[in-house]
Amino acid sequence: MTIQIPDMLQYDGMKDFHIVGLDKVWPFRPEAYGLQPHDRFTACYRGYFCQYEVRNQQLWLKELCIWLEDTLVPVEWSGTWTKPDMLGCSKCRGVELSVPYTGKMLICREFVHKNHYYAGWERPIDYRQTFELELHEGRVIEVTDYSHMMEEVRGLTELGEREQELFADDLFTAYHKKWVYY
């Protein structure tokens, strides 16, 4: 599998959170809005990726990048569509679509290792900041900060790297076999 483009989230004024785990389906599904994504680009097998923001405890879709079969895009969408770029991706910026997601999501930012780049299969232990957001109909109803716990697990030097990863995974049972592999 090639390196994948992640969905990103801005939370609590901080940008660049990766969505690394979901206990349900994706928060935004283009098909529900009449958009049919195609996987024309090996770095995005889903055929689309999103930029989200949590603002006033509400989840919003801010930007959508999608590979479409044809270049026609729905006119009823808010936001500004760009022409497909050189890779064929059409972007809609300034979407401002409230996303009525119900479920939990793990969001993480700042890799522990400086030279690490996002590949699409990272776990919470790979990041300095790890939060779990619980949402009901798009509203954040609970936030749990696991950052310190992940730091403690990384400090268990008697465990190897793989054992640390498995130990950390066990802390997130709601996401067992539901890690985001873009």
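The values are calculated or read from the model by the stated rules, or taken from the named source; none is laboratory data. Note that this is a predicted model, so its numbers are computed, not measured. Note that we place each Cβ from the backbone using ideal geometry, even for glycine, and neighbour counts take in every protein chain shown.
Key figures for this structure:
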| quantity | calculated |
| --- | --- |
| Ile125 vs. criteria modelled with pLDDT of 95 or more and either more than 17 Å from the chain's Cα centre (by Cα) or surrounded by 14 or more Cβ atoms within 10 Å (Cβ to Cβ) (or both) | no |
| Which numbered condition Met1 misses (of (1) modelled with pLDDT of 90 or more; (2) closer than 20 Å to Glu122 by Cα; (3) over 13 Å from the mean Cα position of the chain (by Cα)) | (1) |
| Scope the stretch 124-141; condition assigned to a helix (DSSP H, G or I) and of a type in the set (Val, Ile, Thr); matching residues | Ile125 |
| Test: residue in the stretch 62-74 that is within 23 Å of Glu142 (Cβ to Cβ) and in contact (Cβ under 8 Å) with a residue 24 or more places away in the chain | yes |
| Residue within the stretch 29-43 that is exposed (fewer than 12 other Cβ atoms within 10 Å of the Cβ), of a type outside the set (Asp, Glu) and closer than 16 Å to Gln4 by Cα present | yes |
| Residues (among the hydrophobic types (A, V, I, L, M, F, W, C) and either modelled with pLDDT of 85 or more or within 17 Å of the chain's Cα centre (by Cα) (or both)) located in the stretch 136-158 | Val140, Ile141, Val143, Met149, Met150, Val153 |
| Residue match in the stretch 109-117 (condition: polar (S, T, N, Q), at pLDDT below 90 and out of contact with any helix residue (DSSP H, G or I) (no Cβ under 8 Å at 6 or more places or on another chain)) | yes |
